[in-house]
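The values are calculated or read from the model by the stated rules, or taken from the named source; none is laboratory data. Owing to the predicted nature of the structure, the values given are computational and were not obtained by experimental measurement. Neighbour counts are summed over all protein chains in view; Cβ atoms, including those assigned to glycine, are modelled from backbone coordinates with ideal geometry. In case anyone asks, the SASA skips ligands and DNA or RNA and just uses the protein heavy atoms, side chains included. Shrake-Rupley method; radii C 1.70, N 1.55, O 1.52, S 1.80 Å.
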Amino acid sequence: MAIHDFTSQRLFVEAELRTGAVLEATDEQFNYLVRVMRMGAGDAILVFNGRDGEWQAKLADVAKRTCRLVIDEQTRGQTVGPDVTFMFAPLKRARLDYLVQKAVELGVRHLAPVITRRTIAERVNLDRMRANAIEAAEQCGILHVASIAEPQRFEQVIGAWSSERHLIFCDEAAPISDPIAALAALRSMPVAVLIGPEGGFDPIEREAIRALPNATALSLGPRIMRADTAAVAALTLVNAVIGDWR
């Protein structure tokens, strides 16, 4: 049996969900449901808010510009992904969109932009990141939407690093070794995965990370990857070894 319904449309909403609740669709939601998906009164959709699980709802009172969602019954209880924070040097627009979408699909719980010395795209549109995170969550069936932190300078992040979370540092200069073996020792603990900018970390930054007592330098093999590719590779390894794929 499938772990969830792959055929129904899914929609993220902000409101609390309970049987009998009636939600007013936003203009954007109305446009998507009625004009794009061609749904009408009585059609069913799955909704979630990241807190109350997933619920079946039906469209009602469909008019030219408005409609309502009537909440029926819960289809799945609330779950969250593994306790993984994904930290990354921001990329240019299209590639940042891709990176956020894939990180959400891979189940990360938090997204944290980090401004490094070699970061090119220092300005981050958090609203756009949020929209991409929501769209990815709607499409891939997860019930939580990753939180998004304000961008921070690298020095701030490392200077305030907590001993309670292990840092997985993706470093092309790390010795070629077995990444699975390196990750296996980190099971059952919160982790953060850090991906640097296209030009790699500055030597001073690399040194600062290696000085942390709870950091592991992880090689992703003999090839130099683009930052968005490295993110997918690293998060795939984390899911397979210490995440929710086991």
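Return the residues of the range 110-143 that are in contact with a Ser or Thr (Cβ under 7 Å, 6 or more places away or on another chain) and part of a loop (DSSP other than H, G, I, E, B); say none if nothing qualifies. Leu143 - this is the single residue of the range 110-143 that is in contact with a Ser or Thr (Cβ under 7 Å, 6 or more places away or on another chain) and part of a loop (DSSP other than H, G, I, E, B). For the range 83-102, the criterion of being under 15 Å from the mean Cα position of the chain (by Cα), surrounded by 23 or more Cβ atoms within 10 Å (Cβ to Cβ), more than 28 Å from Ile204 (Cβ to Cβ) and modelled with pLDDT of 95 or more is satisfied by no residue at all. Residues in the range 210-246 that are more than 15 Å from Asp83 (Cα to Cα), β-branched (Val, Ile, Thr) and open to solvent by less than 40 Å² (accessible area, probe 1.4 Å): Thr216 only. Is it the case, given these coordinates, that Gln152 is under 20 Å from Arg109 (Cα atoms) and touching a Lys or Arg at 6+ places or on another chain (Cβ under 9 Å)? When the stated conditions are applied, Gln152 does not pass them. Tallying residues that are closer than 23 Å to Gln101 by Cβ, touching a residue at least 12 places away in the same chain (Cβ under 8 Å) and of a type in the set (Ser, Thr, Tyr) within the range 201-246 yields 1. Of all the listed residues (Ala136, Ala146, Ala217, Ala131), the sole one being closer than 30 Å to Asn49 by Cα and touching a strand residue (DSSP E or B) at 6+ places or on another chain (Cβ under 7 Å) is Ala146.
From the residues in the range 141-163 that are over 11 Å from the mean Cα position of the chain (by Cα) and farther than 23 Å from Thr116 by Cβ, which one is surrounded by the fewest Cβ atoms within 10 Å (Cβ to Cβ)? Looking at residues that are over 11 Å from the mean Cα position of the chain (by Cα) and farther than 23 Å from Thr116 by Cβ, I get Gly141. Just to be sure before I move on: is Ile134 in contact (Cβ under 8 Å) with a residue 60 or more places away in the chain and of a type in the set (Val, Ile, Thr) in the structure I sent? In short, yes.
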